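Some notes on the structure that comes next.
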Amino acid sequence: GQGTEILNGAVLRTAGILDDRPFRFQAVLTGVDGQNKRLFACVYSSETGKWGDPIWVSADFTSGVTTMIEMRVSSTMVGNSLYWSLCSIGWEVAAILQFDLDTQHLAVIHLPCLGKCSRNGSRTFRAVPVDGGELGVLELFDANLQLWKRKIDRDGVVSWVLEKTIGLEELLYIDKRKMGPMMLGYCEDNNVVFIWTYHGIFMVQLESLEVYKPPIQTFYCLVHPFTSVYTADMGIGGEPDEDKLLCNAMHKVTL
């Protein structure tokens, strides 16, 4: 509609038997209406060649604070849902936007565990999978990565538990007198986070805490990890088990 703005999105391959087309996929776009009052998701299916109707949810979910989808943070897949980080003016509110691919349901999940502070305007957090598919949130707080896990009791009461704190000061030789660190991206396939410091960009595996410095370095960028696949004969119409992992790479967009 008038004033509607697309802010983020995701493309994912559709599971199932392949036909005479290379592959089936879905594209999910997310955005906000002209008054910043409602968030939406809209799904395109390559199988039908059509866009579905927009699915809406209120953005004014707490204390009248205007909330927007964070354009600089790519989506994360946890279970069969896509998640995007939400931001507000001054970072008063921490929340994530959930889109369930099965039910086509859109919801805002408030994150009281992250508190209320501006973090010098560079507060970064994102949804991540924990314990084999449970919902978690990874936040960069000062020179620490904090991993929170959502727990739901028998009565449906939701709580967030701090699972792990990773100190980056010694791990990445961070000098607090200089700028940084910043969380640039996350890869759920390998549970790897990309961190920028004054000494460059580093990949940190969150379980083993192994650190790798990619050969491509820049002062500041956004990192969007992706995985490419191809069929064994590089043709079309192959069986699903013929899919081979081609590569893992990162695409950078310099600000």
Residues of the range 19-73 satisfying the condition of being at pLDDT 95 or above, closer than 27 Å to residue 140 by Cα and of a type in the set (Val, Ile, Thr): 28, 30
Selected residue [farther than 23 Å from residue 23 by Cα, at pLDDT 95 or above and hydrophobic (A, V, I, L, M, F, W, C)] from 166, 216: 166
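This table checks each residue for (1) over 19 Å from residue 225 (Cα atoms); (2) of a type in the set (Val, Ile, Thr).
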{"residue": "130", "(1), (2)": "no, yes"}
{"residue": "141", "(1), (2)": "yes, no"}
{"residue": "150", "(1), (2)": "yes, no"}
{"residue": "154", "(1), (2)": "yes, no"}
{"residue": "170", "(1), (2)": "yes, no"}
{"residue": "177", "(1), (2)": "yes, no"}
{"residue": "183", "(1), (2)": "no, no"}
{"residue": "186", "(1), (2)": "no, no"}
{"residue": "189", "(1), (2)": "no, no"}
Some residue of the range 143-150 being touching a helix residue (DSSP H, G or I) at 6+ places or on another chain (Cβ under 9 Å), touching a residue at least 60 places away in the same chain (Cβ under 8 Å) and under 20 Å from residue 207 (Cβ atoms): yes
Leading residue by the ranking (modelled with the lowest pLDDT) among those in the range 1-18 that are surrounded by 12 or more Cβ atoms within 10 Å (Cβ to Cβ) and over 18 Å from residue 99 (Cα atoms): 18
Within the range 171-210, tally of residues that are within 18 Å of residue 128 (Cα to Cα), crowded, with 18+ Cβ neighbours inside 10 Å and hydrophobic (A, V, I, L, M, F, W, C): 10
Pair list, Cβ under 6 Å, 6 or more apart: the range 94-115 residue without any contact (Cβ under 8 Å) to a residue 60 or more places away in the chain and farther than 13 Å from residue 57 by Cβ, other residue of a type in the set (Asp, Glu) and part of a strand (DSSP E or B): 114/139
Filter result for residue 184 (farther than 21 Å from residue 78 by Cβ and of a type outside the set (D, E, K, R)): no
Pair list, Cβ under 8 Å, 6 or more apart: the range 191-210 residue within 17 Å of residue 222 (Cβ to Cβ) and in contact (Cβ under 8 Å) with a residue 24 or more places away in the chain, other residue assigned to a loop (DSSP other than H, G, I, E, B) and of a type in the set (Gly, Ala, Ser): 196/180; 197/180
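The values are calculated or read from the model by the stated rules, or taken from the named source; none is laboratory data. Because the structure is predicted, anything quoted here is derived from the model rather than measured. All Cβ positions, glycine included, derive from the backbone under ideal geometry; neighbour counts span all protein chains shown.
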